[in-house]
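Each remark here refers to the structure printed beneath this line.
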Amino acid sequence: MNLDGSAVLSAPPEEVWAVITDPAVLARTIPGCVSLEQVGEDSYRMHVAVGVGAIRGSYAGEVHLTDQQRPSSYVMHASGAGAPGQVRATVPISLEAVDGGTRVTYSADAVVGGPVAGVGQRMITGVAKRMAGQFFSAIDAELAGTAPTAGPVEAVVSTTDGSAEPPPALRTTFTNPAVATGGWVPTEARPLLVGAAGGGVLALVGVWIGYLLGRRR
Amino acid sequence: MTTKLFGEPVRRREDARLIIGQGRYLDDIGADAHAAAFLRSPYAHARVVDIDVTGALDVEGLLAIYTYADLTGPLAEPLPVLIPHPQLTHPRTGYPLAKDVVQHVGEAVVMVVATDRYVAEDAAALIEVTYEELPVVVGVDAARAALHAVHEDVPDNVAARHHQETGDVAVALAASAHTLSFTQYVERSAAMPMEGKGVHARWDADDKALRVYTSTQASTSVRAAIAAKLQLSLEKVEVIAPDVGGGFGVKIVHPWPEELLVPMAAIALGHEVKWTEDRREHFISSAHERQQRQEITVGYDDGGRVTALDVHIWHDNGAYTPYGIIIPIVTATQLVGPYAVPVYRVQVDSVFTNTVIVTPYRGAGRPQGCFAMERTMDRIAQERGIDRAEVRSRNLIQVDQFPYDQHLTFQDGRPVIYDSGDYVGLMDKLKALIDWDSVVERRADAEARGRLLGIGMAMYVEGTGPGPYEGGHVQVLGSGKVLVSTGLTSQGQGHETVFAQLVASELGVPMEDVEVTTGDTRRFGYAVGTFASRAAVMSGNAVALAARGVREKALRIAADVLEAEPADLVIEDGLVQVKGVPGTSIPLRTVAVLSNPLRYAFDEAAKQATQFAGPGDNSKPPVAVGDAPGLEHTDYYSPIRSTFASGAHAVVVEIDPATWEIDVVQYAVVHDCGNVVNPMIVEGQVHGGVAQGVGGALYERMAYDADGQLQNASFMDFLMPYASEVPPVVIDHQETASPLNPLGLKGAGEAGVIPGSAAIASAIEDAVGRRIAAMPISPTELYDLVRSSAADRVTNTDPTLPTLNTGAMA
């Protein structure tokens, strides 16, 4: 399924880029993000806890950024695998300077598998739009400097095996002080309820897998 | 064929179960099922712009939300046009869930599934659908005017122009001594079964098999539709009609969107899903019938004999045409009734409106046809000053004219040939039953009591038992139990009783030993359905033929054992014995055991069929070539064409000139459905039909406003006759056996409703002396009619009585 749209954020592209690719910020702004661990150059592993009515649960997934043309565009690859199903999303994202800020435009192509695909597209996109709205309003708050300060940044010295092991310096875990649990999007963020982009898709992936896990109860 | 059970008023064996709450209706099934609820269009004609489910997401217990976007493959295509016809030039059907445009209030737009119905309804209520309203077409006249189009690619709103003629009507009319032209209307009504529709689906993920229970009149066809739409192999789909709390035609339509969507959800969610229609849903999203505008021109001679009849009907088919033009065809062909009409031309224009679909409701176009013909007879009588019964008699087909070919093509695609009947006999019995000639005294007596009395009558011929076929399976078990099954469904008519009567009669077993199963594709896969008064004619003959097959095999096997000729054997009370030799006999249950040669004995009875049980004939194989093990037989009945039942109703009404309340004080029915299997059940069918006829004549209508909103979509506002409004019905039977089927049967299911509006209109007109040109009629409408100077004054001047009825209000 496809999710297209755009959102205008109140800062120049360079600044927006810095923010929406900063794992520490993403950890704070992705709705329900419990932790986000950088596991390599532009690669992250994350945990998302989601609590939207019919769709809830927690999930682990991976995100990888490619084709980066800072500060104008990049492609995000997100994937997750819960026991009852799996989700994969490829999201070309572009940043363009506009009056008073940056227009972030995206076109998400997501593949949903397993029983979760049976709940109906409107339900899935409905949740996705809500998560995206929350993400964007949080990002905008970051840009406006009104966001809650970052939680404790915990350095991890893990010993993950694998040949392409990144330098220790890159292995860091960011956590979210106040895990978003869904709920209503503030009215001022409504103009941003346009669909999933960046972390929105991450959250969306989380939502789906979370739903899968939730179903197993 | 006659035995002691055929023709006996055997008590309905299903009643005990049904009246003490032991019935198993759709909603009694699947207590743990998830529940589906539907968000339906609040507009009669609108474009669906957006569906926002955000508000529903937080509802605890919500499981899924489906819209058109979730439909795939054949399910995303329009619902089937069940009965295509060359004259149905612009068939239109909706989608299981609205795609772009909704065509009537109540059309399903979103399906919500939740842990229970309450949660599903709550979630549905929080979904916001944005509509762009479009112009609305309501009523047959608006459709005819075509200022707006229901379907934009059908600008004149005409779905079909059905046309039949038996000669040059223009010439015949020109040559007629007298002619009359007039227009009249029949309103909408609906079947209103006590139990609405309902569907329960269970998906077995391991077997990849689907079982669907649905409150339907056509389980085998629903099965085929589900298999096709959900792309499942037919043998992986089972469809069962449990006890059905009334159908009256509305449940012959299929597949209803819910019959596809509920199974779809059950498969997607891997859990049982159920939907039970509520009453408002039934009003706005099932089906209605009846509305027609009838333009009639009739030519006749001095004696009131019809010389030519030209009819142009405008039939409101609602928003879609899933059931084709069956109702227009039935109206067109059954209109002529029991009369010999030398030249007849009929055109029925079936038109779209932004209202609930129109499909057969008990009578299925016949009440309207009867209304057209019988009111025509009354007008001729009034214009000629001849008694209404006399005019009818002069036009009746005579006994020596059967088989009588009306030179028309019926709804089964076969010729309208009346196979047998005695219409003169009907009229004689009816006049005696209602004491037609005593109306003078009764009118005087009523006027002395300050009431207006009127009498009316109507006759009809009903094509029943159309094909293509039905089948029956009969099996005798080693226990002596006799299993009977037919694919045709039941909806409370008493099939269990009648089919058991027939099989017990044919086989010579106690009726208590016979068990009947209907409408279960696990038991019988080939069937058409329950409609057009066809159950007794079709399945009745089929199970009788199957029973005859079992009897023949039983006699063959018993003959070997008893060393007698099959011809010398009889079966009585489950015992096969040699005629006149009481001692030599063998129980039918033992014959059943012996019919299946066994290697392994599992009980005492089985021992008799094992290889060392007795001396066998070593020159033959245990199962003869061409034979099969088991005492069972399957057979089918497929008629050459429909068989034509007939009847005549007469009614006496009394009207209170203060309130204009209309009381039906006497109702007489003479009924001919060929050989009667069970007179008690036939009379029950007639009583029910008369009740619905009275409802259609005096109470029931669909009160649509100009915006296509149904304003009386509840039992608070939609009037139906109670027992207090249904008159005592006196019935006289006439039996002219049908030469077309082995049992000589004709259908009886719909007869009672057909002449109701025509006979009651005739009686009211007789009482108040004002033309009744539209039915139903309420006390208020009657009051206005009598006071209107424009109202057409009429009298039924009868040679036998002075015209004291000057329309007493004059």
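Hey, how much of the P(r) for the stretch B:1-139 falls beyond 27 Å, as a percent of Cα pairs? Kindly include the intermediate steps, with their values, before the conclusion.
Details: 4354 of 9591 pairs.
Of all Cα-Cα distances in the stretch B:1-139, 45 percent exceed 27 Å.
I need the P(r) histogram for the stretch B:636-694: all alpha carbon pairs, bin width 5 Å from 0 out to the longest distance, whole percents.
In whole percents, the pair-distance histogram is 4, 13, 19, 19, 15, 11, 8, 5, 4, 2, 1, 0.
Out of the chymotrypsin sites (Phe, Trp or Tyr not before Pro) in the stretch B:709-738, which ones are loop residues according to DSSP with at most 12 other C-beta atoms within 10 Å?
Passing sites in the stretch B:709-738 are B:715, B:722.
What FRET efficiency would be calculated for the residue pair residue B:659, residue B:573, taking the C-beta separation as r and a Förster radius of 51 Å, to the nearest 0.05?
So the FRET efficiency works out to roughly 0.25.
Could you work out how far the C-alpha centroid of the stretch B:301-373 sits from that of the stretch B:426-499, in angstrom?
Cα centroid to Cα centroid, the span is 22 Å.
What does the charge dipole of the stretch B:27-107 about its Cα centre add up to, to the nearest 20 debye, if the Cβ of each Lys and Arg holds +1 and the Cβ of each Asp and Glu holds -1?
For this selection, approximately 560 debye.
Using the Kirkwood radius over Cα pairs, work out the Stokes-Einstein diffusion coefficient for the protein assembly as shown at 37 °C and 0.692 mPa s, in µm²/s as a whole number. Don't skip to the end; give the middle numbers.
Working: Rh = 32.8 Å.
Translational diffusion coefficient: 100 µm²/s.
Under a point-charge model restricted to the Cβ atoms of Lys and Arg (+1) and Asp and Glu (-1), what is the dipole moment magnitude of the stretch B:686-792 relative to its Cα centre, in debye to the nearest 20? List each step's numbers first, then the result.
On the way: 5 positive and 13 negative charges, 35 e Å.
So the dipole magnitude of the stretch B:686-792 works out to roughly 160 debye.
Please list, in order, the residues from the stretch B:299-325 whose amide nitrogen is less than 18 Å from a point placed 7 Å along the Cα→Cβ vector of residue B:179.
B:299-313
What does the C-alpha gyration tensor say about the overall shape of chain B? Classify as rounded when a/c is under 1.5, otherwise prolate if a/b is larger than b/c, or oblate.
oblate
Taking amide H atoms as placed 1.01 Å from N in the peptide plane, list the residues 5 or more away in sequence, or in a different chain, whose amide H sits under 5 Å from that of residue B:353.
Residues meeting the amide H criterion: B:317, B:318, B:319.
Give the residue list of chymotrypsin sites (Phe, Trp or Tyr not before Pro) in the stretch B:585-637 that are DSSP loop and have at most 14 other beta-carbon atoms within 10 angstrom. Don't skip to the answer; put the middle values down first.
Details: sites: B:600, B:602, B:612, B:636, B:637; in loops: B:600, B:602, B:612.
Within the stretch B:585-637, the qualifying chymotrypsin sites (Phe, Trp or Tyr not before Pro) (loop, at most 14 other Cβ atoms within 10 Å) are B:600, B:602, B:612.
Let me know the longest stretch in chain B that avoids all GluC sites (Glu not before Pro) found in a DSSP loop with at most 10 other C-beta atoms within 10 Å.
B:153-562
At a Cα cut-off below 18 Å, give the lysines reachable from residue B:579, other chains included and same-chain residues fewer than 8 away excluded.
Correct list for residue B:579: B:553.
Could you give the nm distance between label points at residue A:67 and residue B:18, where each point is 7 Å from its Cα heading toward the beta carbon?
That separation, rounded to one decimal, is 6.7 nm.
Taking θ = phi - 60°, what integer Hz values does the Karplus form 6.51 cos²θ - 1.76 cosθ + 1.60 yield along the stretch B:406-418, in sequence order, with x for Gly and Pro?
7, 6, 10, 10, 7, 5, 8, x, 9, x, 7, 10, 5
For the stretch B:635-748, just say rounded, prolate or oblate: build the C-alpha gyration tensor, square-root its eigenvalues into a ≥ b ≥ c, call rounded for a/c under 1.5, and beyond that prolate if a/b exceeds b/c, oblate if not. Provide the component values of the computation, followed by the final result.
Working: a/c = 3.08, a/b = 1.67, b/c = 1.84.
Oblate, since a/c reaches 1.5 and b/c is not below a/b.
Quick check: pseudo-label points 7 Å beyond the Cα along Cα→Cβ at residue B:709 and residue B:205, how many nm apart are they?
Once both label points are built, they end up 4.5 nm from each other.
Please list the equivalent ellipsoid semi-axes of the stretch B:543-612, computed as the square roots of five times the alpha-carbon gyration tensor eigenvalues, in descending order and whole angstrom.
Each semi-axis is the square root of five times an eigenvalue, giving 21, 15, 10 Å.
Quick one: what are the phi-derived ³J(HN,Hα) couplings along the stretch B:451-461, Karplus 6.51/-1.76/1.60 with θ = phi - 60°, whole Hz, x for glycine and proline?
Once rounded to whole Hz, the list reads 10, 9, 10, x, 10, x, 9, 7, 10, 8, 10.
Could you run the Karplus curve 6.51 cos²θ - 1.76 cosθ + 1.60 with θ = phi - 60° over the stretch A:127-144 and give me ³J(HN,Hα) per residue in whole Hz, x for Gly and Pro?
5, 4, 4, 5, 4, 4, x, 5, 4, 5, 5, 5, 4, 4, 5, 4, 5, 7
What distance in nm separates the two pseudo spin-label positions at residue B:295 and residue B:722, each 7 Å out from Cα along the beta-carbon direction?
Each label point lies 7 Å from its Cα, and together they span 4.4 nm.
Coordinate-derived values only; no laboratory data. Fair warning: this is a prediction, and the values are worked out from it, not measured in the lab. No Cβ is skipped: glycine too gets one built from the backbone with ideal geometry, and neighbour counts run over all protein chains shown.
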